[in-house]
Amino acid sequence: MKRNRMGLIALIAVVAAVVYPFVFSSTEATTIVFYALLYVAIASSWNIIGGFTGYISLGHAAFFGLGAYTIALVADHLGIPGGYGLFLVALLGGVVAALFAVPMGFIALRLRTIHSFVIVTIAYLFMFQLLAFNLLGVTNGSSGLAIPQPNWSGAFFNMPFYFAALVLAVLTVLLAYWIRNSRFGLGLLAIRDDEDKAAGVGVDTWKHKFAAYIISAVPIGIAGAIYAYFSSYIYPQTVFDPMIDLTIVLSAFLGGMGTLLGPILGAFILQPAQQLLTFYTGAAGWDLVLFGVLFLVVILLMPSGIVPTIVERTRRARVREAVQKADETVPTPDANPAAGGGPR
Amino acid sequence: MSAVLNVQGVRKRFGGLEALAGCTFAVEEGSITSLIGPNGSGKTTLFNTVTGFVTPDEGEVSLRGEQIQALSPDRIYDRGLGRTFQQVRIFSRLTVLENVLVATSRSSVIKGLLARTRQSERDRAMDLLNFVNIARLADVPAGSLSFGQKKLLEIATILVGEPKVLLLDEPAGGVNPTMTAQIGEKIRELNQRGITFLVVEHNMEFVMGISHRVVVMARGKVIAEGSPDEVRRDPKVLEAYLGA
Amino acid sequence: MNLVFGSVVLGILSGGIYALMAVGLTLSFGVLEVINIAQGMLVVVGAYLSFALESYWHIDPLLGLLITIPTLFLLGFGIEWAFLRPLKQDRVALSILVTYAVALILEGLMGLWFGDNFVAIHAWYVDAAINVFGLYIADIYLIGFALAIVLLGAVYLLLYRSKFGAALRATVQNREAAVLIGIDVQRISTLTFAIATGLTAAGGMLFGATTAFNANSMLDLISRLLMIIILGGMGSMGGALVASLIMLVSVDVVSVAYTPTWSTFVFFALTVVVMVVRPQGLFGAPPARKV
Ligand SMILES: Nc1ncnc2c1ncn2[C@@H]1O[C@H](COP(=O)(O)OP(=O)(O)OP(=O)(O)O)[C@@H](O)[C@H]1O
Ligand SMILES: [Mg+2]
């Protein structure tokens, strides 16, 4: 019953997203939602390692950049012209991201403490940025690379990108949903709560984390490639950008880390907000200040994110109701906000 | 009767402290064996060594003749050796039912990715929750259980993998007398179904009540073993407790 | 050969300066279990303060430390009190986000005040150089190294010769146990963070006197400082010192003997390789399983 209702809501959301660009067809309107959808994919994918297991990667922008450079380099070397074909090449971005994720995950996950993991993942991002700057022969350094552009014109230009992002977002959310409901996903959530205990009941924690890390790189690689194609030109500092990681973590966190709905909600709140902020404040500086302040306020007021906060409220309300109704005492979980609100 | 678990000359140092100083004993198949000793005598460290959480500096641990001291905790669990922790440990943000189901997630990632938990496993998990009398809490986040309920949940969780040998670290620690009696009852019942137990416990009444054999540790070594009565009368045991 | 020798000397001297910047990071990690992403930005804030004092009021940067250190001490106090102390659950993730947010705000403010242009702190000892074995070294490096040694020595004394230090070290070893034996962990945390930030003012002044910087320099800095503390072993002060020296010497030597382009990358790669062999870093204790 509950599952059916969720399915229905999801269906309505997807239909709305499909209809949207036909109703609001201006370039501005489609661009904003395009970015939001791209970040739905990115944040949901990051959530598989960062949210489910609690291993906060601050270097997943490396996969974004790898995808971006993949499409630029492949299009250039194989002489692929702009057009629908390049979206297939974008898939290669995911493959390349996964290939790099293997050694990267292997090293970062050996460290055993989450703090060192976080720092090494940050290092990855900067290393790739340095490589992109320095490997002049391959990446053209700070001059960046162009991606061949299609000859779609006017407001239609955005449409193929919009739908590519929509498909990627839907598939990534389905992937996360699938994992969340698999035994593998249960293992990941167990690792987040207590890694040693998980090992003690037979979860191969190393394999679980490693697989989650690699899987989560793939949609981000593809997203990076789509982004690169859309923006027509890439530079080391725009695709290997720490702000991307910050936005990912913040989206996931804002909605609710480790929940399925959280990253979606977070991306849809944060992306438009960020774009409007940059658009209206103009002066570089104020956007950073406002963004930072916003972010602090949210964290301090809602330390577990939107979705878990709501879930916890309704759950408590329901328990209270049940207690009032029932004659025999319903076991009331003692109110412990830290422990409450399991992932949904 | 043969030994199912063999601990042979195990040593473990933490910096300057020798937590295990050549520990040797065996657990008979089908028995309830208790491991007692003063605080800090190395009981928990021994559990950690046997279950792969701590690698011994020296010595061997074998389960049914197979050496396991170099295996990881999940591998050891797969071989039928389960444990609980002295500080109760549960997955606090998962529901009670999910806690039990975690233990059904086998090591293979690919299989785990493709498989959802089957209804039969859910039924089995519910049976186990029924067995420890917390089935009505199945959908509650485990973090909100009471301390005693968490201990019961831990036992249910560990049982789902059908272990042949169970190591319990202070199952009666910090729980009320009624709950203690209940836990003792469950241990006896499971033992009758063929599970071997090694139990660390400070509650002497509890220990003497359920054990077939008692092993006494002091300063990282086994100083006495025998039936509950023999151990009770052993002057070395009293000395270890008083001198500690 | 001489060039390489010179770069080693320079690397050691600037390594001391980096140690001063990194020690704040490692202290707050040790005590608060928080990765302070804002550390790079705090260095830049310290540098800008010294810069402003010097260029607007002509206060000598060394003398200016008497103003900038207390100012950053208070800033650190405020950050800990307002943003870190309220975090109860998910501290790892939240502290990263919070300190990142603080860094962004400070970066925005500094950008608004000082613009995008690179600036550098000037003083007579920044522009003068002395000849050491045929090698010209700006006086500031020698002064900076000496200052770093003095301040690090003071921190050492504070940690190992004072009651506060004993309580602090107890907190580093075991936060829960420290609470149990009656240490006011909250007070220790706030003070540690404030002291760490205060020290960063000195690191910032030296950074600004040896390098041209703008608000954006914080990214470069934080990545290097984080590398230093994981290479040294998280929470280890001696480790931070040694790792700083390794970093700066290797960067300078690669710059001179090969090319500056790859120098930072080489250090990053070196650190990652060390982490493969020794996941806890050079001087870190191996992580204990909590069983
Ligand atoms: N990871 C560790 N690092 C350092 N010392 C440790 C570690 N684990 C245990 N010890 C030390 O080893 C000794 C034995 O500890 P252990 O926990 O095994 O004792 P125990 O017999 O279980 O005690 P209790 O009855 O209090 O639970 C103690 O002195 C303890 O402080
Ligand atoms: Mg113990």
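The values are calculated or read from the model by the stated rules, or taken from the named source; none is laboratory data. This structure is a prediction, so every number in the text was calculated from the model and none was measured. Methodologically, a virtual Cβ is constructed for each residue, glycine included, from the backbone with ideal geometry; neighbour enumeration extends over all protein chains shown. To get the accessible areas, we keep the full protein, side chains included, count just its heavy atoms, and leave off ligands, DNA and RNA. Shrake-Rupley method; radii C 1.70, N 1.55, O 1.52, S 1.80 Å.
Residues of the range A:176-193 that bury at least 30 Å² of accessible area when the other protein chains are present, relative to the chain alone (probe 1.4 Å, heavy atoms, ligands and nucleic acids excluded): A:Trp178, A:Asn181, A:Arg183, A:Phe184, A:Leu186, A:Ala190, A:Arg192, A:Asp193. The calculated 222 nm mean residue ellipticity attributable to helices in the protein assembly as shown amounts to -21000 deg cm²/dmol, summing -39500 (n - 2.57) over DSSP H runs of n ≥ 4 and dividing by all residues. Modelled spin-label separation between A:Thr238 and A:Ser26, with each label point placed 7 Å from Cα along the Cα-to-Cβ direction: 2.3 nm. Taking the C-alpha atoms only, the angle from helix A:261-281 to the longest principal axis of chain A is near 50 degrees. Screening chain B for whole DSSP H helices with an alpha carbon extent of at least 20 angstrom along the helix axis and a mean Kyte-Doolittle hydropathy of at least 0.0 yields nothing.
Between C:Leu84, C:Leu49, C:Leu159, the Gaussian network model of chain C with springs among Cα atoms under 10 angstrom shows the greatest mean-square fluctuation at C:Leu159.
When a 1.4 Å probe is rolled over the protein heavy atoms, the share of accessible surface on chain A that falls to carbon and sulfur comes to 70 percent. Distance from the Cα centroid of the range A:133-187 to that of the range C:218-291 is 33 Å (rounded to whole angstrom). Residue by residue, the range A:171-187 carries 3J(HN,Hα) couplings of 5, 5, 5, 4, 4, 5, 4, 4, 5, 4, 9, 8, 5, 4, x, 4, x Hz when phi is fed to the Karplus relation 6.51 cos²θ - 1.76 cosθ + 1.60 (θ = phi - 60°); x denotes Gly or Pro. If one computes the Cα centroid of the range C:94-163 and of the range A:198-263, what distance in Å separates the two points? So the two Cα centres are separated by 34 Å.
What does the extension gain come out to for B:Glu29 and B:Gln119, with contour length at 0.36 nm per residue minus their alpha carbon separation?
Details: separation 90, 0.36 × 90 = 32.40 nm, distance 3.25 nm.
Once the chain is fully extended between B:Glu29 and B:Gln119, it gains 29.1 nm.
Inter-label distance, A:Thr314 to C:Tyr160: 5.9 nm, where each label sits 7 Å from its Cα along the C-beta direction.
Applied to the range C:156-167, the Karplus parametrisation 6.51 cos²θ - 1.76 cosθ + 1.60 on θ = phi - 60° returns per-residue 3J(HN,Hα) values of 4, 4, 4, 6, 9, 10, 10, 5, 4, x, 4, 5 Hz, with x for Gly and Pro. Only protein heavy atoms count here, probed at 1.4 Å, and on that basis chains C and A bury about 4100 Å² of accessible area in total.
Each chain gives up part of its surface: B and A jointly bury about 3500 Å² of accessible area, both sides summed, for a 1.4 Å probe. Remark on B:Lys221: its backbone amide H falls under 5 Å from those of B:Ala21, a criterion applied only to residues 5 or more positions apart or on other chains, H modelled at 1.01 Å from N.
All other residues whose Cβ lies under 15 angstrom from that of B:Gln182 are scored, Lys and Arg at +1 and Asp and Glu at -1, for a net of -1. Take each residue in C:212-224, count the other chain C-beta atoms within 10 Å of its C-beta, and the mean is 2. The angle between the Cα long axis of helix A:205-231 and the longest principal axis of the Cα atoms of chain A comes to about 40 degrees, rounded to the nearest 10. Phi angles of the range A:34-43 translate, via the Karplus equation with coefficients 6.51, -1.76, 1.60 and θ = phi - 60°, into HN-Hα couplings of 4, 5, 4, 5, 4, 6, 4, 4, 5, 6 Hz per residue; Gly and Pro are given as x. A cut-off of 5 Å between modelled amide H atoms, ignoring neighbours fewer than 5 places along the same chain, links A:Met257 with no other residue.
Solvent exposure of chain A, expressed per residue, is 39 Å² of accessible area, with all protein chains present and a 1.4 angstrom probe. Measuring only protein heavy atoms, the 1.4 Å probe finds C:His58 accessible over about 150 Å². Amide hydrogen proximity for B:Val4: with H placed 1.01 Å from N in the peptide plane, the residues at 5 or more positions away or on another chain lying under 5 Å are B:Val27, B:Glu28, B:Glu29. Taking 20 Å as the cut-off, the amide N atoms of the range C:134-158 that come nearer than this to a point 7 Å along the Cα-to-beta-carbon line of C:Asn2 belong to C:134-139. Of all aspartates and glutamates in the structure, the ones whose alpha carbon falls short of 17 Å from that of C:Lys163, not counting any fewer than 8 places away in one chain, are C:Asp184. Probing with 1.4 Å while keeping every protein chain in the model, the per residue accessible area of the range C:17-218 equals 41 Å². Excluding ligands, DNA and RNA, the accessible surface per residue across the range B:1-149 is 40 Å² with a 1.4 Å probe. Across the accessible surface of the range C:1-112, with the other protein chains kept in place and a 1.4 Å probe, carbon and sulfur atoms take up 76 percent.
All other residues whose Cβ lies under 11 angstrom from that of C:Thr190 are scored, Lys and Arg at +1 and Asp and Glu at -1, for a net of 0. Excluding the site residues themselves, the longest part of chain A lacking any chymotrypsin sites (Phe, Trp or Tyr not before Pro) in a DSSP loop with at most 15 other Cβ atoms within 10 Å is A:153-344.
Reported to the nearest whole Å, the Cα centre-to-centre distance from the range A:39-106 to the range B:162-177 is 47.
Return the subset of A:Lys209/B:Lys186; B:Lys111/C:Lys88; A:Lys197/B:Lys236; B:Lys151/C:Lys88; A:Lys197/B:Lys186 for which the Cα-Cα distance in this structure is over 30 Å, preserving the input order. Intermediate results must be reported in sequence, preceding the final value.
Numbers: A:Lys209/B:Lys186 35 Å; B:Lys111/C:Lys88 37 Å; A:Lys197/B:Lys236 36 Å; B:Lys151/C:Lys88 25 Å; A:Lys197/B:Lys186 22 Å.
From the list (A:Lys209/B:Lys186; B:Lys111/C:Lys88; A:Lys197/B:Lys236; B:Lys151/C:Lys88; A:Lys197/B:Lys186), the Cα-Cα distance tops 30 Å for A:Lys209/B:Lys186; B:Lys111/C:Lys88; A:Lys197/B:Lys236.
Structure remark: mean-square fluctuation, Gaussian network model of chain A, C-alpha springs under 10 Å; the largest value among A:Gly187, A:Gly258, A:Gly59 belongs to A:Gly187. GNM, chain A, Cα, under 10 Å: largest mean-square fluctuation among A:Val167, A:Val293, A:Val95? It is A:Val293. Helix C:263-277 and the long axis of chain C differ in direction by around 30°, with both axes built from C-alpha atoms.
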